[in-house]
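Structure first, then comments.
The values are calculated or read from the model by the stated rules, or taken from the named source; none is laboratory data. Everything quoted here is computed from the prediction, not taken from an experiment. Using ideal geometry, Cβ is built from the backbone for each residue, glycine included, and neighbour counts are taken over all protein chains shown.
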Amino acid sequence: MEDIENIELKYLKLEDYQELKEAMIASYTTMPDAFWQEHQIKKLIEEFPEGQVVIKINDQIAGCALSIIVDYNQFDDNHTYKDITGNYTFSTHTDEGDVIYGVDVFIKPEFRGLRLGRRLYDYRKELCERLNLRGLAFGGRIPNYHKYSDTLTPKEYIDKVKRKEIHDPVLNFQISNDFHPTRILKNYLEGDASSQDYAVLLEWSNIYYEKKSKKATTIKKIVRLGLVQWQMRLYKDMDEMMQQAEFFIDSVSGYRSDFALFPEFFNAPLMADNNHLSTPEAIRELAKHTLEMVQRFSKLAISYNINIITGSMPEVVDNKLHNVGYLCRRDGSTERFEKLHITPDEARVWGMVGGNKLQTFDTDCGKIGILICYDVEFPELSRILADEGMDILFVPFLTDTQNGFSRVRHCAQARAIENECYVAIAGSVGNLPNVQNMDIQYAQSAVFTPCDFAFPTNGVKAEATQNAEMILIADVDIDLLRELNQFGSVRNLKDRRTDLFELKKK
């Protein structure tokens, strides 16, 4: 091969046809008649010019990729090449389709080994993202299968190729480019003797695909979090405390935050009026404020156009004391969440019991999860939420000592890594000498990320100053999580050995 002076990726033009035909004949030596007619190339260029590209080296065609857009639901899983191309007329192409289907891709023999095929596949992926299509698909040949067809079924052959026990130049290449075998296609391409007329249906999913909505709303991809590191202080009544809460909501919404997160039991100062009661009685008196507080928070969520996670509060249900919180969305809706694991101190001092409901919540910023303090130390909970599609985990917490805080912090960081999500924790600081069982607080609110190239190396997006009243604002990019899930250095969710174990809610 002569010295390479330049490599260009260009749209295919009809005047390239004669050179293209010669390149196809040179590339498909086992199928000498496998070249497209000029009228077929003309049709492809007219219908979908962006889908037809060539790689030229020193102004000579070295490779080509031909594609159409199809409505994938119109074809069953056992389609043939003739079906998908409309008997080679490409009448199946539609601008209203949702998948780019690869009609052909080849590299001339003298230019192989330069990773030119990867450039063509990367172009298709970028085109798929740009056109907001669901993904790519094509029937992949298995040209070495004829050597093993007497002893191996197509499935056995593909399994051995995946395990690197057999080398198949086409299938190996496609798998290495993130295409996933989904099924075996029988009688796919007439005349493909090398593959024994079999093919493998290969698919690639566009992680950025957004289904077209009929509503005038979108799911935000850059989400701004506002964390409230709350100072414990005495208030004369609930109005004064809610005035302080509104100050923080006003502050974080002024920075156009999408969420405001309050700590666990941030309203504990209101128990100061009940010091004449026993500790269990005092917290049950505090629970009488919960309904009104949630209603106030809901109004603030609407008026400040922000989703508020209220931290947590005591609530009595069927005469049992629970630790609960509320998601107050900016559209006016509210949902309740519960602390499932009660600490020994909560059970012993207050007589509190754990809840039973674990779920994700839909928001205008995607799916979120909320776990109250101790719950983040149980990895099963957040893994279930991750399986339900959670992108951000919010953890309102209350810890009195540094070692208690360290348990919450380190577990929260672990949850971010193992579940490929963001985790935001918010706690209270200061002292409450006049409230029993709420004497001292220790906190450092923070936002944690996975640890990979697109994220901070230490997995800390932002953190507050220890034990100081303040707000913490941080942006998180949801698309980075999608990339991590597909292309991360490690893939904690995908690589789980679900053949050995399973996790599910009762």
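A few comments on the model shown:
- Filtered residues of region 146-162 (kept if closer than 25 Å to Phe106 by Cα and not aliphatic (A, V, I, L, M)): His146, Lys147, Tyr148, Ser149, Pro154, Lys155, Tyr157, Asp159, Lys160, Lys162
Yes/no matrix, rows are residues, columns are (1) within 18 Å of Ser205 (Cα to Cα); (2) in contact with a Gly (Cβ under 9 Å, 6 or more places away or on another chain); (3) at pLDDT 90 or above:
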{"position": "Gln60", "(1), (2), (3)": "no, no, yes"}
{"position": "Leu66", "(1), (2), (3)": "no, yes, yes"}
{"position": "Ile69", "(1), (2), (3)": "yes, yes, yes"}
{"position": "Thr85", "(1), (2), (3)": "no, no, yes"}
{"position": "Phe90", "(1), (2), (3)": "no, no, yes"}
{"position": "Glu110", "(1), (2), (3)": "no, no, yes"}
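- Region 346-359: number of residues that are part of a loop (DSSP other than H, G, I, E, B), without any contact (Cβ under 8 Å) to a residue 40 or more places away in the chain and surrounded by fewer than 20 Cβ atoms within 10 Å (Cβ to Cβ): 5
- Looking only at residues in region 6-32 that are acidic (Asp, Glu) and in contact with a strand residue (DSSP E or B) (Cβ under 8 Å, 6 or more places away or on another chain), the one that is surrounded by the most Cβ atoms within 10 Å (Cβ to Cβ) is Asp16.
- When region 327-345 is limited to residues that are out of contact with any Gly (no Cβ under 9 Å at 6 or more places or on another chain) and not in a loop (DSSP other than H, G, I, E, B), the one that is nearest to Leu277 (Cα to Cα) turns out to be Asp345.
- Every test in (1) acidic (Asp, Glu); (2) surrounded by fewer than 19 Cβ atoms within 10 Å (Cβ to Cβ); (3) modelled with pLDDT of 95 or more is passed by Asp364 save one, and that test is (3).
- Among the residues of region 30-53, some residue qualifies, meaning at least one is in a strand (DSSP E or B), modelled with pLDDT of 95 or more and either assigned by TED's automatic domain parsing to the domain that holds Asp104 or on the phi > 0 side of the Ramachandran plot (or both).
- Matching residues in region 142-170 - criterion: being among the aromatic types (Phe, Trp, Tyr) and either under 33 Å from the mean Cα position of the chain (by Cα) or crowded, with 19+ Cβ neighbours inside 10 Å (or both): Tyr145, Tyr157
- Restricting Asp122, Asp95, Asp76 to those that are part of a helix (DSSP H, G or I) and either within 30 Å of the chain's Cα centre (by Cα) or modelled with pLDDT under 95 (or both) reduces the list to Asp122.
- Pairs are defined by a Cβ separation below 7 Å, a sequence spacing of at least 6 or placement on different chains, a first member in region 360-384 that is closer than 19 Å to Ile222 by Cβ, and a second member that is polar (S, T, N, Q) and surrounded by fewer than 19 Cβ atoms within 10 Å (Cβ to Cβ); the pairs so defined are Asp364/Thr217.
- Boolean, Asn172 is over 30 Å from Tyr442 (Cβ atoms) and touching a Cys at 6+ places or on another chain (Cβ under 8 Å): no
- The selection criterion, being in contact with an Asp or Glu (Cβ under 9 Å, 6 or more places away or on another chain), in the same structural domain as Asn73 (by TED's automatic domain parsing) and at pLDDT 90 or above, does not hold for Lys155.
- Elements of type helices (runs of 4 or more DSSP H) contained in region 211-318, each with 2 or more residues being closer than 28 Å to Ile440 by Cα and touching a Pro at 6+ places or on another chain (Cβ under 7 Å): 279-287
- Tabulated pairs, region 236-257, first within 14 Å of Thr310 (Cα to Cα), second surrounded by 14 or more Cβ atoms within 10 Å (Cβ to Cβ) and of a type in the set (D, E, K, R), C-beta under 8 angstrom, 6+ apart or interchain: Met242/Arg296
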